[in-house]
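*Asks:* Sharing a structure, written as structure tokens. Questions coming.
The values are calculated or read from the model by the stated rules, or taken from the named source; none is laboratory data. Just so it is clear, the structure is predicted and the values come from calculations on it, not from any experiment. Every residue, glycine as well, gets a Cβ built from its backbone with ideal geometry; the counts of neighbours run over all protein chains shown. Heavy atoms of the whole protein, side chains included, go into the accessibility calculation; ligands, DNA and RNA do not. Shrake-Rupley method; radii C 1.70, N 1.55, O 1.52, S 1.80 Å.
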Amino acid sequence: MISHASSYPECESVCSKVAELKGKIEALKEEIRDLRRGKQEAEKKVNYQKEKYARLWEKYRKFVGNPNKPSSKKTRAEKEEEKRRKREREERRKSEEDESEEDEEKGVPGRKTGHEPAWREKPDPEEEIDVTQDRCEDCGNPLGDPINDYIRVITDVPEPEPPTTKQFNIFEYYCGPCDKKILATDPDCPDEGDYGPNTLVQTTLFRFKERLPNRKTADLLKTHYGLEISHGTVFNLTKRVADLLDPHYEGVKMELRKAVAVHVDETRYSVGGKDWWLWSFSDDEHVLYRLVNSRGSNVLEEVLGEDFNGWIISDGLSAYSAFTDKQQRCWSHLFREAEDVSDKFEEAVPIDEKLHEIYRHIDEFLEGDPPPPEREKKKEWAMDAMKEMTEEEYEEEKVADLITYIENGMGHWFPYVVEPDVDPTNNQAERDLREPIVIRKIIGTLRNEKGTRIFERVMTMIATWKRQGLNPKDEMLRIVRS
């Protein structure tokens, strides 16, 4: 058809097929031109990314390996040696994490190998509903009797219920022998305010356990229960709960003062737009938060008392040394310091490897639960090994700083060898601060000291109840209703 049309041009005006094919040819040519333009644009982007990558790599390579010798000038053997050390370090870190409690939280998501699957236990149905149908929804034909049946058990939450309002007629009595008036009480009628225990507790849990700002807490109460309260009321309700929790907060403080070992850590926290410090203190059953504008040893004296005789497990802040000599410095911090320096300076690699070697050796030794005399000997051996490492001279300033860091904590790296109740790391304290840090990122700042007091008491009791395996809602409700 096409060759015929080319011999007879006059056919183009009368043959629709020829015109259609010519239109398709023009469309294909236009598509080819678009593809070529797209290819050119893609090539420009690829070239730009290559240039960007080259710039970033040039910037990055200065901080990898020995900074005095560019990667481009290193031999293949030197590069392979660097890769080998990094692989060994990663394997070593993974092995240590696998043996620690923290690995259960930071490990690979999902069910562990060999762990039996956990199935949700289906509850017994409270109601049975027959799902039937009379006619076909497509043609309207009567369906008659069913030919089979299936069972599905569905769990659902009830529709949000509106708040209830109760009037309490409170009677007053006179006790003759005591010569005093007695006012009757009811657990559902708080001493202060117009809201009941469930409202007080739910508002507080929304605010702190679910990490909601005052505005979001008020919105959620309105959405779930139809309860309209202001942002200021949310604050007042949480303050009333904090006041009721205050004796229990002090009780946690007294328990920590009797602890054999306490994990302590601190982090910046904004109060009124200024930097304060959030401190965490914890043992196996208690967690306490203290929010103050100080990072000094006076905070330790206030919380733990001047007569505290337990061990402090920390990151080595000078305030701890001013408070007590019974310290265990955190090995996780030490490993991070050593690995960071060894990644940048070849001279620090033997230090990093030696530290891990000492730690692994002690870890294997402690698995047998040796008696105290053997523990003392192993501690002396470890201190001698570390001192020998620090007595060498190092050229790089950062490496010398690492040695100074090790020397400053020389008396505090190995108490865990002879004290079974002392942990070698302060990972627990870092975990204790995670939840408050998330709240800090959400709310930005606490406005005043009233807010810090509420924060301390509520967060302390929620964290303590969780550590003890208790339900924060049940425990808080019990206190509010008592």
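*Asks:* Got a number for residues in region 380-418 being closer than 27 Å to A259 by Cα and surrounded by fewer than 18 Cβ atoms within 10 Å (Cβ to Cβ)?
*Replies:* Qualifying residue count for the region: 6.
*Asks:* Further question: Do we have L433 as out of contact with any helix residue (DSSP H, G or I) (no Cβ under 9 Å at 6 or more places or on another chain) and at pLDDT 95 or above here?
*Replies:* For L433, the condition - out of contact with any helix residue (DSSP H, G or I) (no Cβ under 9 Å at 6 or more places or on another chain) and at pLDDT 95 or above - is met.
*Asks:* I would also like to ask the following. Restricting region 298-331 to residues that are at pLDDT 95 or above, polar (S, T, N, Q) and not in a loop (DSSP other than H, G, I, E, B), which is nearest to A385 (Cα to Cα)?
*Replies:* Only one residue fits best here, namely Q328.
*Asks:* Continuing with the same structure: Please specify each residue of region 323-341 satisfying the condition of being of a type in the set (S, T, Y) and free of Cβ contacts under 8 Å to residues at least 40 places away in the same chain.
*Replies:* If the condition is that a residue be of a type in the set (S, T, Y) and free of Cβ contacts under 8 Å to residues at least 40 places away in the same chain, then T324 is the only one that fits.
*Asks:* Can you pull out every residue in region 437-469 that is closer than 19 Å to E285 by Cβ and surrounded by 14 or more Cβ atoms within 10 Å (Cβ to Cβ)?
*Replies:* If the condition is that a residue be closer than 19 Å to E285 by Cβ and surrounded by 14 or more Cβ atoms within 10 Å (Cβ to Cβ), then E456, R457, V458, M459, T460, M461, I462, A463, T464, W465, K466, R467 are the ones that fit.
*Asks:* Can you list residue pairs whose Cβ atoms sit under 7 Å apart, with the first residue in region 461-482 being in a helix (DSSP H, G or I) and the second being of a type in the set (F, W, Y) and crowded, with 18+ Cβ neighbours inside 10 Å? Count only pairs 6 or more apart in sequence or on different chains.
*Replies:* Hits for this filter: M461/Y249; I462/F208; P472/W465; E475/W465.
*Asks:* Taking region 329-338 on its own, how many of its residues are surrounded by 18 or more Cβ atoms within 10 Å (Cβ to Cβ) and either over 25 Å from V262 (Cα atoms) or of a type in the set (K, R) (or both)?
*Replies:* 2
*Asks:* Does region 249-262 contain any residue that is part of a strand (DSSP E or B) and in contact with a strand residue (DSSP E or B) (Cβ under 8 Å, 6 or more places away or on another chain)?
*Replies:* The answer is yes; a qualifying residue exists.
*Asks:* Sticking with this structure for a sec: Taking region 269-289 only, how many residues are outside any loop (DSSP other than H, G, I, E, B) and open to solvent by 50 Å² or more (accessible area, probe 1.4 Å)?
*Replies:* 2
*Asks:* Would you check which residues across region 18-32 are basic (K, R) and at pLDDT 85 or above and list them? Step through it out loud before you land on a result.
*Replies:* Residues of region 18-32 basic (K, R): 22, 24, 29.
Correct list: K29 only.
*Asks:* Restricting to region 202-217, name every residue that is of a type in the set (D, E, K, R) and either without any contact (Cβ under 8 Å) to a residue 40 or more places away in the chain or in contact with a Ser or Thr (Cβ under 8 Å, 6 or more places away or on another chain) (or both).
*Replies:* Restricting attention to region 202-217, the residues satisfying the condition of being of a type in the set (D, E, K, R) are 207, 209-211, 215-216.
Result: R207, E210, R215, K216.
*Asks:* Can you report the number of residues in region 171-201 which are without any contact (Cβ under 8 Å) to a residue 24 or more places away in the chain, of a type outside the set (D, E, K, R) and either more than 22 Å from V480 (Cβ to Cβ) or not in a loop (DSSP other than H, G, I, E, B) (or both)?
*Replies:* So the count comes out to 9.
*Asks:* Pick from region 210-244 the residues that are among the small types (G, A, S) and outside any loop (DSSP other than H, G, I, E, B): which of them is most open to solvent (accessible area, probe 1.4 Å)?
*Replies:* G232
*Asks:* Something else: When you scan region 245-268, how many residues do you find that are of a type outside the set (K, R) and open to solvent by less than 20 Å² (accessible area, probe 1.4 Å)?
*Replies:* First pass over region 245-268, keeping only residues of a type outside the set (K, R): 245-252, 254-256, 259-267.
Still in the running and open to solvent by less than 20 Å² (accessible area, probe 1.4 Å): 245, 249, 252, 256, 259, 261-266.
Result for region 245-268: 11.
*Asks:* Report every pair of residues separated by at least 6 positions or lying on different chains whose Cβ atoms are under 9 Å apart, first residue within region 309-322 and under 17 Å from E407 (Cα atoms) and open to solvent by 30 Å² or more (accessible area, probe 1.4 Å), second among the charged types (D, E, K, R) and assigned to a helix (DSSP H, G or I).
*Replies:* D315/E430
*Asks:* Of all the residues that make up region 340-357, how many are within 30 Å of the chain's Cα centre (by Cα) and surrounded by 19 or more Cβ atoms within 10 Å (Cβ to Cβ)?
*Replies:* Summing the residues that are within 30 Å of the chain's Cα centre (by Cα) and surrounded by 19 or more Cβ atoms within 10 Å (Cβ to Cβ) in region 340-357 gives 5.
*Asks:* In contact with a Pro (Cβ under 9 Å, 6 or more places away or on another chain) and aliphatic (A, V, I, L, M), is that true of I362?
*Replies:* It is true that I362 is in contact with a Pro (Cβ under 9 Å, 6 or more places away or on another chain) and aliphatic (A, V, I, L, M).
*Asks:* A follow-up question, please. Return a yes/no flag: does region 408-426 have any residue that is within 18 Å of the chain's Cα centre (by Cα) and in a helix (DSSP H, G or I).
*Replies:* There is no residue in region 408-426 that is within 18 Å of the chain's Cα centre (by Cα) and in a helix (DSSP H, G or I).
*Asks:* Name the residue that is nearest to L477 (Cα to Cα), counting only residues in region 154-177 that are more than 35 Å from the chain's Cα centre (by Cα) and open to solvent by less than 80 Å² (accessible area, probe 1.4 Å).
*Replies:* Checking each candidate, the answer is F168.
*Asks:* Does E435 satisfy being part of a helix (DSSP H, G or I), acidic (D, E), touching a residue at least 24 places away in the same chain (Cβ under 8 Å) and farther than 22 Å from T204 by Cα?
*Replies:* Spelling it out, it is not the case that E435 is part of a helix (DSSP H, G or I), acidic (D, E), touching a residue at least 24 places away in the same chain (Cβ under 8 Å) and farther than 22 Å from T204 by Cα.
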